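The values are calculated or read from the model by the stated rules, or taken from the named source; none is laboratory data. Only a predicted model underlies this, so the values are computations on that prediction, with no experimental measurement involved. A quick note on method: Cβ atoms are made from the backbone with ideal geometry, for glycine too, and the neighbour counts reach across all protein chains shown.
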Amino acid sequence: MSDLYDLLAPYFDDHDPSSGTNPTTRDAQTTTYLNRLSTLSLGNLTTTEPASLLHAAQSHLRNLQALSKRSHKAVIASSSHLSNLTSLLPSLGSEAYELKDAVPQLESAAVDFARKYDRSTENEVLDRRKRAMLLSRNVDRVSDVLELPSLLSSTIQAAQAPSSSSAASSTTSYASALDLHAHIKRLSSLYPQSGLVAGISQQADAEIQNLTTILITSLQSPTLKLAGAMRTVGWLRRVAPDLADDEYSSSKATATSTKSVNFSSAATNSTGALCSLFLVCRLRTLNITLEALEPLRELADQETTRRLHSANGARSKQQPQSIALGNHSERYLKRYIEIFREQSFAIISMYKSIFPSGLPSPDLSATSSKVLDDPLLPLPSPLASFTNHLITKLTTTLRAYLPNITDPTSRESLLTQILYCAGSLGRLGADFGLMIALLGEDDGSAEHESQGGREDEWVQVMKKHRIQASRLEVLARGVGTGVRKRSAIDIPQAGDVVSPAA
């Protein structure tokens, strides 16, 4: 085979064997072709083999052309990549060395990360993330808790809205408000370290203070009735329990009669400041109602000024007006006594119905040893002090304007009206009828003494009032109802109140 190769070598296109482009016997294709040539006859070598080689060469040329047309882009790209391969390999090697050097650092960083975020140890970052995840899972519950103050405020506003005029709706709103506040207090006791719960508790306390203010304001309503007052006081006991607690109060050993008011300093109560609060609210309502008589009072003050000028020597200038002196004072006092009688009776009767345990105590036996050790205690009953204040308020007004009235008939009518007012309060144990004897102490001038003994005026009025009251009592019992003559009863003057009214 080598002889045949050596025989054909001079006819190769490239005669230089060192160029590396000539076929060699180590090539499989060359060996296969040489084996084929050895099997051909001389005639085939001279006739068919050259045509076969030409046909094979043309076939390879067409295949190469088709391949170049089909894959010329890939060939160009491969060629460019091949040309860059010489520069890429060194850079790849250097980067591989750098990666090898960075692996220990990466390993140490991974170990530090695993140690830092290990769940078996305390970690602020993990705790913060856990809290964030817990908050994300319970966002609905947290939003419900945050809405509790606004819900409480809405409930309180619904209770005082004009549309909720019925007692049932107001009661439901107040009960809901108290339930919400109790729930917030329970949350505060369960989570005392939570700032969120503490803030919500403060807002709820502010809303409860608002509710307390609303209830106290409702006690000042001019149209307050007994049922509404009892409900309001009951809600105040629940909303503001501090008002019902009094550490200086002592429980009573025995029940106190509701038909007499004892002004003893031993009177104690077990209802805390609610008694005084109720009386103060109703007293404010009484004062506002009496302030509506301000125009009449100003006219009565003018008459007082004229009377004082007359008493100081200006009588000759005021003589033409003496006939009309006292008319405005009489109108003012009649309206004043009317309002005073109605309001004072309503206040005291409501107080006794609402606070049966807050009435004055009859003796000192009910007080505890702790109270007796305190020199400032026992405190007087709020009702006793309030009644004294009412009577003082009335007598002060009468002493200021009653001397302006010079007509005996008008004075007798006013004094009779005062006795009826005293009898009305007397049904509640606060009769002050005998105090009208003191009204003339400041009215002892020589002019009044010359008009028929003004000092005995109250005695005559008391006698007539007792006779009239006894006759009214007889008629109320049904005795002598066969013939009723108007002469049997003294006809009161215009503007008088005929019978005691509750």
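Quick notes on this one:
A quick yes/no check of all residues on (1) part of a helix (DSSP H, G or I); (2) free of Cβ contacts under 8 Å to residues at least 24 places away in the same chain:
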{"site": "Asn22", "(1), (2)": "no, yes"}
{"site": "Thr31", "(1), (2)": "yes, no"}
{"site": "Arg36", "(1), (2)": "yes, yes"}
{"site": "Gly43", "(1), (2)": "yes, yes"}
{"site": "Thr48", "(1), (2)": "yes, yes"}
{"site": "Ala66", "(1), (2)": "yes, yes"}
{"site": "Ala77", "(1), (2)": "yes, yes"}
{"site": "Ser87", "(1), (2)": "yes, yes"}
{"site": "Gly93", "(1), (2)": "yes, yes"}
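- Among the residues of segment 315-337, those identified as in a helix (DSSP H, G or I), at pLDDT 50 or above and out of contact with any Asp or Glu (no Cβ under 6 Å at 6 or more places or on another chain) are Asn327, Glu330, Arg331, Tyr332, Leu333, Lys334, Arg335, Tyr336, Ile337.
- Pair list, Cβ < 7 Å and 6+ apart or interchain, from segment 283-297 residues that are closer than 12 Å to Leu390 by Cα to residues that are among the small types (Gly, Ala, Ser): none
- Conditions (1) under 41 Å from the mean Cα position of the chain (by Cα); (2) at pLDDT 65 or above; (3) hydroxyl-bearing (Ser, Thr, Tyr); (4) surrounded by fewer than 17 Cβ atoms within 10 Å (Cβ to Cβ): number failed by Tyr351: (4)
- Qualifying positions in segment 170-190 - over 14 Å from the mean Cα position of the chain (by Cα) and at pLDDT 90 or above: Arg186, Leu187, Ser188, Ser189, Leu190
- Any hit, segment 268-277, residues being closer than 28 Å to Ala177 by Cβ, out of contact with any Phe, Trp or Tyr (no Cβ under 9 Å at 6 or more places or on another chain) and modelled with pLDDT of 75 or more: yes
- Which numbered condition Asp118 misses (of (1) outside the structural domain of Leu224 (by TED's automatic domain parsing); (2) part of a helix (DSSP H, G or I)): (2)
- Residues that are β-branched (Val, Ile, Thr) and within 29 Å of Gln29 (Cα to Cα), drawn from segment 47-101: Thr47, Thr48, Val75, Ile76
- Test: residue in segment 386-401 that is at pLDDT below 80, surrounded by 21 or more Cβ atoms within 10 Å (Cβ to Cβ) and of a type outside the set (Ser, Thr, Tyr): no
- Residue within segment 358-365 that is assigned to a helix (DSSP H, G or I), touching a helix residue (DSSP H, G or I) at 6+ places or on another chain (Cβ under 6 Å) and modelled with pLDDT of 85 or more present: no
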